[in-house]
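Q: My structure is below; once you've seen it, I'll send some questions.
The values are calculated or read from the model by the stated rules, or taken from the named source; none is laboratory data. Just so we're clear, the structure is a prediction, and the values are computed from it rather than from any experiment. Glycine also receives a Cβ, built like all others from the backbone with ideal geometry; neighbour counts cover every protein chain displayed.
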Amino acid sequence: MERTADGHTETGVSSQDGGSPADVDLADVPDWDDEYLDRVSDRLMHNYDLEKDYRIEGESFTLYGELSLVSQKHFLHPALSFAEHESNEHLFVKQVDRVDDDTLDRFAALGDDLADKWIEATEEHFCTEFTFVLITDSIPDTVRSRVDSHDGRTLLKYGYHGHYETNFVVVAPDEAELVASDNADVATAFRLWEPIEHEEPGLLGLLSRRLQL
């Protein structure tokens, strides 16, 4: 799903778990057979293309989401575009029994590997994010500390071809606890115990704002 970062109507993450906007065909949204993920999906489906039971590089994920943004700069009139930048996010959601340093290392390495294979490094490329969401029963203090301080940004050709990031979100829904990397804006969708306030910028707004930095 590709969106333009300027001139769009911004919905961000839906604040209504059961909402069905006109531009989303519910027939295309998978049934996750899990109440928590069903409600998370209701928040994500407005901006992400979602896929169930996704496999890549020997890893399986319950949910995969993809979001693409294009930022354009204009001279006097939208038809006179002189700059275009692309930003993408790949969202990988997995249910796991436990999370430790080895788990984080494994997915950080996967993000680096996918960056090498998926990113077309050009001057138009601004950012590609690989966000790994791990759903578990509890969050150890060591994991909480590491995720909270995680900085997974890597410059491509000294920044001339943009950068990519690996982000982490670890969530324990039954405990209503979540820890996320600073740039993992999608974490908002996984905090079901907290309402999404209308006056706060939506997910698409947060990503658009970062795209324009």
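Q: Any residue in the stretch 81-105 that's aliphatic (A, V, I, L, M): show its pairings with residues that are assigned to a strand (DSSP E or B) and modelled with pLDDT under 95 at Cβ separation under 6 Å, as long as the two are six or more apart or on different chains.
A: A83/K73
Q: Tell me, yes or no, whether the stretch 163-177 has at least one residue that is part of a loop (DSSP other than H, G, I, E, B) and either crowded, with 17+ Cβ neighbours inside 10 Å or free of Cβ contacts under 8 Å to residues at least 12 places away in the same chain (or both).
A: Within the stretch 163-177 (the criterion being part of a loop (DSSP other than H, G, I, E, B) and either crowded, with 17+ Cβ neighbours inside 10 Å or free of Cβ contacts under 8 Å to residues at least 12 places away in the same chain (or both)), the answer is no, since none of the residues qualifies.
Q: Now for a separate question. Of all residues in the stretch 114-146, count the ones that are more than 23 Å from G58 (Cβ to Cβ) and free of Cβ contacts under 8 Å to residues at least 60 places away in the same chain.
A: The initial filter retains those residues of the stretch 114-146 that are more than 23 Å from G58 (Cβ to Cβ), namely 120-127, 137-142, 144-146.
In the following step, the residues that additionally are free of Cβ contacts under 8 Å to residues at least 60 places away in the same chain were identified as 120-125, 137-142, 144-146.
The number of residues fulfilling the criteria is 15.
Q: Can I ask one more? In the stretch 97-148, what count of residues is obtained for those that are modelled with pLDDT of 95 or more and assigned to a loop (DSSP other than H, G, I, E, B)?
A: Looking only at that region, the number is 9.
Q: Do we find a residue being surrounded by 22 or more Cβ atoms within 10 Å (Cβ to Cβ) and touching a Gly at 6+ places or on another chain (Cβ under 6 Å) anywhere in the stretch 86-93?
A: Yes: one or more hits.
Q: For the stretch 152-170, does any single residue satisfy the condition of being under 19 Å from the mean Cα position of the chain (by Cα), at pLDDT 95 or above and among the small types (G, A, S)?
A: Looking through the stretch 152-170, none of the residues is under 19 Å from the mean Cα position of the chain (by Cα), at pLDDT 95 or above and among the small types (G, A, S).
Q: Given S41, S60, which one is hydroxyl-bearing (S, T, Y) and part of a helix (DSSP H, G or I)? First the steps, then the outcome.
A: Details: S60 fails: part of a helix (DSSP H, G or I).
Being hydroxyl-bearing (S, T, Y) and part of a helix (DSSP H, G or I) holds for just one of S41, S60, which is S41.
Q: What are the residues in the stretch 16-53 that are more than 14 Å from the chain's Cα centre (by Cα), within 17 Å of V186 (Cα to Cα) and either at pLDDT 50 or above or surrounded by 15 or more Cβ atoms within 10 Å (Cβ to Cβ) (or both), if any?
A: Of the residues in the stretch 16-53, the ones more than 14 Å from the chain's Cα centre (by Cα) are 16-39, 42, 52-53.
Checking the rest, the ones that are also within 17 Å of V186 (Cα to Cα) come to 16-17, 36-39, 42.
Y36, L37, D38, R39, D42, listed by residue number.
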